[in-house]
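Below is one structure, written out as structure tokens, with a few remarks after it.
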């Protein structure tokens, strides 16, 4: 079960920023325009991001979707309620 609804774009952006910050153990704020790999992310930490989103939000983000949307704002768009129905298929 999802811990939050993440309906509003600002909430999704804050959430993805928080996930990047926690997974990458960053001491600085992550902005909406930051790219995961530019922040020091790797393919292994990308899987941690995907797993954390699934654990906290109750939905599995397809790996392909993550790699096509590594900027915070882009990945936040993948977490819209409408994105659930497309599933990245």
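The values are calculated or read from the model by the stated rules, or taken from the named source; none is laboratory data. Quantities reported herein were computed from a predicted structural model and do not represent experimental measurements. No Cβ is skipped: glycine too gets one built from the backbone with ideal geometry, and neighbour counts run over all protein chains shown.
Structure summary
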item	result
Qualifying residue in segment 7-18 (condition: modelled with pLDDT of 95 or more, surrounded by fewer than 17 Cβ atoms within 10 Å (Cβ to Cβ) and more than 13 Å from the chain's Cα centre (by Cα))	no
Any hit, segment 8-29, residues being in contact (Cβ under 8 Å) with a residue 24 or more places away in the chain and either more than 19 Å from residue 79 (Cα to Cα) or not in a helix (DSSP H, G or I) (or both)	no
Meets criteria (surrounded by fewer than 16 Cβ atoms within 10 Å (Cβ to Cβ), touching a strand residue (DSSP E or B) at 6+ places or on another chain (Cβ under 8 Å) and assigned to a loop (DSSP other than H, G, I, E, B)) for residue 33	yes
Selection within segment 53-70 - surrounded by fewer than 15 Cβ atoms within 10 Å (Cβ to Cβ), more than 17 Å from residue 81 (Cα to Cα) and either in contact with a strand residue (DSSP E or B) (Cβ under 9 Å, 6 or more places away or on another chain) or touching a residue at least 12 places away in the same chain (Cβ under 8 Å) (or both)	63, 64, 67
The listed residue being more than 9 Å from the chain's Cα centre (by Cα), within 17 Å of residue 8 (Cα to Cα) and at pLDDT 95 or above, out of 32, 38	32
Lone unmet requirement of (1) on the phi > 0 side of the Ramachandran plot; (2) in a helix (DSSP H, G or I) for residue 40	(2)
